[in-house]
Amino acid sequence: MTTLKLNGSTAVVSSAGDTPLLWVLRDELKLNGTKYGCGVALCGACTVLVDGRPTRSCSVPLSAVGSRPVTTVEKAAGDRVGRAVQQAWDRLDVAQCGYCQSGQVMSAIALLRTTKNPTDSQIDQAMTGNICRCGAYQRIRAAIKEAARLLA
């Protein structure tokens, strides 16, 4: 048994320590907002925050999480930054197919928690590794800027 600090609470899981965090979240805890994309940490669909940092949950074993808090998209609206990001995403109609968006949102939240008014370059750097096959990158960038304005 392993205890996770998850979305502001604790969760006790029975998965083996070498189980990727993604599968613990999806299969054991039924938190299906975090998506499986590539399985090798290249696409970003599985991004969650571990200790506030964007982390590809498909490649992080449960044992590597330790006592660090994990935040998933299900809890994104639980704070001011997450709400602003989600409002901007909705307002600017960012998602097309939507599959990558939970990972995109989590990376955007992490950026805006550390950078109040990011430049295009800072946004591009922070979002590197979050692939959108629909090509919504311009709307994603605009939504991050809109969220920054909402937070100002």
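The values are calculated or read from the model by the stated rules, or taken from the named source; none is laboratory data. Because the structure is a prediction, the values reported are computed rather than measured. Reconstructed Cβ throughout: ideal geometry from the backbone, glycine too, with neighbour counts over all protein chains shown.
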Practice task
Taking Y36 as the residue in question, decide whether it is over 22 Å from I144 (Cα atoms) and in contact (Cβ under 8 Å) with a residue 12 or more places away in the chain.
Solution key: yes
Problem - Matching residues, the stretch 1-33, being in contact (Cβ under 8 Å) with a residue 24 or more places away in the chain, in a loop (DSSP other than H, G, I, E, B) and hydrophobic (A, V, I, L, M, F, W, C) - result: A16, L31
Practice task
Go through the residues of the stretch 74-91 one by one and say whether even a single one is in contact with a Gly (Cβ under 7 Å, 6 or more places away or on another chain), in a loop (DSSP other than H, G, I, E, B) and more than 16 Å from I140 (Cα to Cα).
Solution key: no
Practice task
Select, from V81, V48, V94, the only residue that is on the phi < 0 side of the Ramachandran plot, within 16 Å of the chain's Cα centre (by Cα), without any contact (Cβ under 8 Å) to a residue 60 or more places away in the chain and assigned by TED's automatic domain parsing to the domain that holds Q125.
Solution key: V94
Problem - Given (1) part of a loop (DSSP other than H, G, I, E, B); (2) at pLDDT 95 or above, number of the condition G39 does not satisfy - result: (2)
Handout entry: When residues of the stretch 102-130 are limited to those that are touching a Gly at 6+ places or on another chain (Cβ under 6 Å) and at negative phi, the one surrounded by the most Cβ atoms within 10 Å (Cβ to Cβ)
Key = G103
Problem - Selection within the stretch 22-53 - in contact with a Gly (Cβ under 8 Å, 6 or more places away or on another chain) and either polar (S, T, N, Q) or closer than 20 Å to G8 by Cα (or both) - result: T34, C46, T47
Exercise for the section: Please list, ordered by first then second residue, the pairs with beta carbon atoms under 9 Å, 6 or more apart or interchain, first in the stretch 128-147 and among the acidic types (D, E), second outside any helix (DSSP H, G or I). Expected result: E146/L92
